[in-house]
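Here is the structure we will look at.
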Amino acid sequence: MRKALRWLLALTVFIGTLSTAGAATAAQSEPDIKDRLLAIPGMSLVQEKPYPGYRYFVLNYTQPVDHRHPSKGTFQQRITVLHKDTSRPTVFYTGGYNVSTTPSRREPTQIVDGNQVSLEYRFFTPSRPAPADWSKLDIWQAASDQHRVYQALKPVYSANWLATGGSKGGMTATYFERFYPHDMDGVIAYVAPNDVVNKEDSAYDRFFAGVGTKECRDRLNAVQREALVRREPLEKRYAQYAADNGYTFDTIGGLDKAYEAVVLDYVWGFWQYSLLKDCDTIPADAATATDDAIWDSVDTISGFSAYTDQGMETYTPYYYQAGTQLGAPTIHFPYIEKKLIRYGYQPPRDFVPRSIPMRFQPDAMRDVDTWVRQHARHMLYVYGENDPWGSERFRLGPGARDSYVFTAPGMNHGANVAGLVPDQKALATARILEWAGVASAAVQADPSAARPLARHDAKLDVRDVEREPALRP
């Protein structure tokens, strides 16, 4: 009997050993996520950075310069991957500009507790072909960049995908959906401008006539006007500032034009990046304020470096697109005497080196706008009540399905789902979870039960405003 028991025990241990070894072998045979990413043709590693609970990779991906003619040259496009788990949904983010190489998590990524792929927009360095054929910088080519990245990564991240972005990134997410409507399971576009008719911008004038309070508007208008009244002494200071910092003004055509451009950005810049409570920081009586006070207020909000050659260089691709497809707003200044304004809002052509040819395509935005009104599906737009860019926004038509446009009260260009009124916040969160395929039965039955699935992380979830230069016609 003892011999039989010893035999049975030995057999059990042996089988257990085989089982453990088999599990270990299976675990070892599971490819590491870095190996899986680097096995994708055209993908190469720039850097891996540690972050608790994630793997974070900075990568380069080989893209065609022209997706219509892939054989005519390639370039390296920078992407980042914040890896959670291949079984989780993936959020595809682009800001429409350079991509940050610091780990961060956009709001939809926190809501669905998923992975995040972030893409640098083509022609923003270092993701720029050499030599640069600027005719290949358009919304279809950029959407095709996203499509190829999605196709490359979908076999690795097989769960649902959502596209997102803020400001130009929200526009980019919309264009991606318009040209490749079967890729994403949902789109969350934040504060996305929609300039359908480039020459008709009266919506912006109406916005500035009523935003905030009269007291705040009067303060801002007075400082802006005073900066033009004091043009001569403040331009002398500007010249010294430029000399001290090595700034030049070749592209815009001189210091005087740059100075006026900065000043005319002032009111727009305040409402884009500040809140109503920040009016307390604006000089109460511009006429009696010191030159220092006027200079400091304009510099803080508009930035006197913005229209130098050095300040504009990073944004050349953006200004190029504004002047070829996206359009740009024109606003008027009824509280400023005409004699004080020499140039008015200057066109994007003034902010792009003359060596780069530009031709505006008026049908590009009309096409996208029509498509969104007629075909939007699983699309969410979030705007800020006090954000000038929301004056011309995306709107839904009778053909839209399961799509929404919400406005966050009192918020600026940093508006998000968290800032919506409670009912809209719950509905938006529930739809995002549903589109991502991770909505619980409780949320499906009652959207008010919807909550972000991931805990807030102070470092990953920085709610920064999508900063971009002012667009002009």
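The values are calculated or read from the model by the stated rules, or taken from the named source; none is laboratory data. Everything quoted here is computed from the prediction, not taken from an experiment. FYI the Cβ positions are ideal-geometry reconstructions off the backbone, even for glycines, and counts take in every protein chain you see. Areas reflect the complete protein model, heavy atoms only, side chains present, ligands, DNA and RNA absent. Shrake-Rupley method; radii C 1.70, N 1.55, O 1.52, S 1.80 Å.
Across segment 150-188, which residue is farthest from I139 (Cα to Cα) among those that are polar (S, T, N, Q) and surrounded by fewer than 18 Cβ atoms within 10 Å (Cβ to Cβ)?
Keep residues of segment 150-188 that are polar (S, T, N, Q), which gives 151, 158, 160, 164, 167, 172, 174.
Now restrict to residues that are surrounded by fewer than 18 Cβ atoms within 10 Å (Cβ to Cβ): 151, 158.
On the way: Q151: 18, S158: 26 Å.
If we take residues in segment 150-188 being polar (S, T, N, Q) and surrounded by fewer than 18 Cβ atoms within 10 Å (Cβ to Cβ), then S158 is farthest from I139 (Cα to Cα).
Among the residues that make up segment 238-255, is at least one of them closer than 30 Å to E385 by Cα and part of a loop (DSSP other than H, G, I, E, B)? Working first, answer last.
From segment 238-255, those closer than 30 Å to E385 by Cα are none; that's our starting set.
Scanning segment 238-255, I find no residue that is closer than 30 Å to E385 by Cα and part of a loop (DSSP other than H, G, I, E, B), so the answer is no.
Please go through segment 152-170 and give me each residue that is out of contact with any Phe, Trp or Tyr (no Cβ under 9 Å at 6 or more places or on another chain) and touching a residue at least 24 places away in the same chain (Cβ under 8 Å), ordered by number. Step through it out loud before you land on a result.
First pass over segment 152-170, keeping only residues out of contact with any Phe, Trp or Tyr (no Cβ under 9 Å at 6 or more places or on another chain): 155-159.
Passing the criteria: V156, Y157, S158, A159.
Which ones in segment 258-277 are open to solvent by 10 Å² or more (accessible area, probe 1.4 Å), part of a helix (DSSP H, G or I) and acidic (D, E)?
Within segment 258-277, none qualify.
Just to be sure, is D280 under 30 Å from Y383 (Cα atoms), modelled with pLDDT of 95 or more, outside any loop (DSSP other than H, G, I, E, B) and open to solvent by 40 Å² or more (accessible area, probe 1.4 Å)? Before the answer, list the steps.
Values: under 30 Å from Y383 (Cα atoms): yes; modelled with pLDDT of 95 or more: yes; outside any loop (DSSP other than H, G, I, E, B): yes; open to solvent by 40 Å² or more (accessible area, probe 1.4 Å): yes.
Here the answer is yes, as D280 does meet what is asked.
Being of a type in the set (D, E) and either in contact with a strand residue (DSSP E or B) (Cβ under 6 Å, 6 or more places away or on another chain) or more than 29 Å from R225 (Cα to Cα) (or both) is the filter here; which residues of segment 318-365 pass it?
To start, the set of residues in segment 318-365 that are of a type in the set (D, E) comprises 337, 350, 363.
D363 - this is the single residue of segment 318-365 that is of a type in the set (D, E) and either in contact with a strand residue (DSSP E or B) (Cβ under 6 Å, 6 or more places away or on another chain) or more than 29 Å from R225 (Cα to Cα) (or both).
Where residues in segment 286-320 are without any contact (Cβ under 8 Å) to a residue 40 or more places away in the chain and of a type in the set (D, E), which of them is least open to solvent (accessible area, probe 1.4 Å)? Give the derivation first.
Step one: list which residues in segment 286-320 are without any contact (Cβ under 8 Å) to a residue 40 or more places away in the chain, which gives 288, 290, 292-293, 296, 299-301, 313.
So of that shortlist, the ones also of a type in the set (D, E) come out as 292, 296, 299, 313.
On the way: D292: 86, D296: 79, D299: 52, E313: 126 Å².
Ranking the candidates gives D299 first.
If you check S118, S144, S100, S135, which single one turns out to be part of a loop (DSSP other than H, G, I, E, B) and either modelled with pLDDT of 95 or more or under 26 Å from T314 (Cα atoms) (or both)? Full working, then the answer.
On the way: S118 fails: part of a loop (DSSP other than H, G, I, E, B); S144 fails: part of a loop (DSSP other than H, G, I, E, B); S135 fails: part of a loop (DSSP other than H, G, I, E, B).
From the options S118, S144, S100, S135, the qualifying one is S100.
When you look at M184, is it part of a helix (DSSP H, G or I) and either on the phi > 0 side of the Ramachandran plot or within 27 Å of the chain's Cα centre (by Cα) (or both), yes or no?
no
Here is a list: R373, R366. Which entry is open to solvent by 10 Å² or more (accessible area, probe 1.4 Å), in a helix (DSSP H, G or I), within 20 Å of T164 (Cα to Cα) and at pLDDT 95 or above? Let's see the steps before the verdict.
Values: R366 fails: within 20 Å of T164 (Cα to Cα).
Matching residue, one of R373, R366: R373.
When D299 is evaluated against the numbered criteria (1) assigned to a loop (DSSP other than H, G, I, E, B); (2) under 22 Å from R342 (Cα atoms), which criterion, by number, is the only one it fails?
(1)
Do we have Y345 as hydroxyl-bearing (S, T, Y), in contact with a Lys or Arg (Cβ under 6 Å, 6 or more places away or on another chain), open to solvent by less than 50 Å² (accessible area, probe 1.4 Å) and modelled with pLDDT of 95 or more here?
no
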